[in-house]
């Protein structure tokens, strides 16, 4: 059952009551109406609804045409009509009445009598502050009580002369007490709501300045007509900076941004300086505003209350500013709101500072950890590179020693063979001459000798033996060349920089890898195409540069072998093209290009990284190209680049200067 229906039933009950005492029946109806109103107030309905239901109820119970409620706003300086019954609503009804400047309203609110009985036809009340309803004749005004000043008043007007009974008066007083309790409860609930809302935002880590802005808005809702703003102390503790000013005139808010902290620096500057609340009730006469008075008055600011908010150790963090358009004094309600507001602002600011300090510390820690991690990562990479160099250098050193040892061991016997082939040729030539003399002197040979000559085919032997000696000499010369190539490749005695013929190093490398150029399954052998330019001797680290050649050529041969299926399906021949030339008379370019499968971009991006390899486990360490890059770039101050695309082969370009500057 809704509220109005409940009241209607109570009234019907009054009219139908069959009792001997009318007074008792009326009293019962009054009490039922007050109880119903109290229940609605306790149910927590909005004040606007409660006010409107109240004027409806009062008009029904007292059987009057007009009923109105006026409320003193929470700033205690304005009076506003909040509910009415029987009147046509006009625009000016929403206009507040200034309590400070309207003496009649002040006198009404300061009346010691809680009930004022009006005879509107009486000429003595012509100057009444609030206009009466048009056809009203008599009325009652009941003040809504509070500890210090009334919270407003309730009016009822009849269109005929009427003497309101004591029961009527008592009924109105009961109603105003219900309204007073509801207003106070709503104020308390609003304070609790404000506190919980802002503290919840603090807990969820909302930005401090957003919290300040929301706090100002909530306070302004409880102090209609007032401007709430917050200024915060800067890092140097010398000025106040803008924290929030959602409703303050923008030019005024900009003007106070950067306000000096000190004596006679307005309400806020002085409050921050003294560490105590400053209440400038009238800026026109307050000495603290002497230097800022004209500025404030030009923006229609006449009063400014400023309580500071502090840290736990008493440091001033900032100030509130509650500004008004007219002179006014703070009430107990104002002081309670400001106390809660400063407490919340202190919590929000210190929480924000603690969170900022923690975030800064975390960021600093993360930065240091990142720096340290980067240092360790670099140290690990350097260690890996060093280990790779040592492993590869040891590997190449062992290979060089083995090659040098093999070359040395082969060189001794081949030198002996090559040295004696000349004598053997002479000896065989002398023996053949002797046989010719014997045949000339003794044309008729012994049968046994004739049989032997026939069995050994002496004529063919004499013809083929010089060829055999010549073939042995050619073979020994080839072996000598190979030995020389092996010794030149190893160059164990040439670890320092030396001027050499680059082509010789490439050819020696190709000689070492020659056996790998033959492919199985009737696939064409890998063809080497040389396009050597005219190069001067180059100053370089010979042994290390030979490592570069053998690493790159090995990779090219591996890529071509991996692509054998293509060589079987098409008539294409696997080719390694080696080209050399001089660039700008300052650098030498050595290009080693294959017509293999090429590389994907994501692989090409990492080919010079240590330990990166696309070969199966056991077939590659991922060190060759990484070390080659270091040899060319770091040791020879050159460039090593890879040009490749999938399906278009791969080209490595080595650029080194003709003369290397001292490292």
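Data overview
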{"item": "Residue 247 being crowded, with 22+ Cβ neighbours inside 10 Å, closer than 26 Å to residue 79 by Cβ, modelled with pLDDT of 85 or more and in contact with a helix residue (DSSP H, G or I) (Cβ under 7 Å, 6 or more places away or on another chain)", "result": "no"}
{"item": "Filter result for the condition that a residue is at pLDDT 80 or above, over 30 Å from residue 611 (Cβ atoms) and not in a loop (DSSP other than H, G, I, E, B), over 376, 421, 432", "result": "432"}
{"item": "Pairs, first under 18 Å from residue 432 (Cβ atoms) in segment 444-455, second part of a helix (DSSP H, G or I), C-beta under 8 Å, six or more apart", "result": "445/439; 445/453"}
{"item": "Subset tally (residues that are modelled with pLDDT under 80, within 24 Å of residue 543 (Cα to Cα) and not in a helix (DSSP H, G or I)) for segment 614-645", "result": "5"}
{"item": "Hits in segment 32-83 (condition: more than 21 Å from residue 220 (Cα to Cα), assigned to a strand (DSSP E or B) and either out of contact with any helix residue (DSSP H, G or I) (no Cβ under 6 Å at 6 or more places or on another chain) or free of Cβ contacts under 8 Å to residues at least 24 places away in the same chain (or both))", "result": "66, 68"}
{"item": "Within segment 440-498, tally of residues that are closer than 30 Å to residue 513 by Cα, modelled with pLDDT of 80 or more and assigned to a loop (DSSP other than H, G, I, E, B)", "result": "0"}
{"item": "Inter-residue pairs, beta-carbon under 9 Å, first assigned by TED's automatic domain parsing to the domain that holds residue 219 and in segment 192-205, second modelled with pLDDT under 75, 6+ apart", "result": "none"}
{"item": "Subset of segment 220-244 [out of contact with any strand residue (DSSP E or B) (no Cβ under 9 Å at 6 or more places or on another chain) and over 13 Å from residue 316 (Cα atoms)]", "result": "221, 222"}
{"item": "Answer from 510, 583, 535 - the residue that is modelled with pLDDT of 85 or more and under 51 Å from the mean Cα position of the chain (by Cα)", "result": "583"}
{"item": "Test: residue in segment 131-152 that is loosely packed, with under 15 Cβ neighbours inside 10 Å and free of Cβ contacts under 8 Å to residues at least 12 places away in the same chain", "result": "yes"}
{"item": "Filter pass, residue 172 being within 60 Å of the chain's Cα centre (by Cα) and crowded, with 19+ Cβ neighbours inside 10 Å", "result": "no"}
{"item": "Matching residues in segment 313-334 - criterion: being more than 29 Å from residue 294 (Cβ to Cβ) and assigned to a helix (DSSP H, G or I)", "result": "332, 333"}
{"item": "Selection within segment 257-291 - surrounded by fewer than 18 Cβ atoms within 10 Å (Cβ to Cβ), in contact with a helix residue (DSSP H, G or I) (Cβ under 9 Å, 6 or more places away or on another chain) and outside any loop (DSSP other than H, G, I, E, B)", "result": "260"}
{"item": "Residue that is modelled with the lowest pLDDT, among those in segment 105-127 that are assigned to a loop (DSSP other than H, G, I, E, B) and exposed (fewer than 15 other Cβ atoms within 10 Å of the Cβ)", "result": "126"}
{"item": "Evaluation of residue 185 against (1) modelled with pLDDT of 75 or more; (2) within 54 Å of the chain's Cα centre (by Cα); (3) surrounded by 19 or more Cβ atoms within 10 Å (Cβ to Cβ); (4) farther than 22 Å from residue 29 by Cα (one fails), failing number", "result": "(3)"}
{"item": "Residue under evaluation residue 504, criteria (1) at pLDDT 85 or above; (2) crowded, with 16+ Cβ neighbours inside 10 Å, criterion not met", "result": "(2)"}
{"item": "Residue check, residue 298 within 29 Å of residue 352 (Cβ to Cβ) and at pLDDT below 95", "result": "no"}
{"item": "Within segment 314-330, tally of residues that are surrounded by fewer than 18 Cβ atoms within 10 Å (Cβ to Cβ) and modelled with pLDDT under 90", "result": "4"}
{"item": "Pairs, first free of Cβ contacts under 8 Å to residues at least 40 places away in the same chain in segment 419-441, second surrounded by 11 or more Cβ atoms within 10 Å (Cβ to Cβ) and outside any helix (DSSP H, G or I), C-beta under 9 Å, six or more apart", "result": "438/445; 439/445"}
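The values are calculated or read from the model by the stated rules, or taken from the named source; none is laboratory data. Only a predicted model underlies this, so the values are computations on that prediction, with no experimental measurement involved. With ideal geometry, Cβ positions are generated from the backbone for all residues, glycine too; neighbour counts draw on all protein chains shown.
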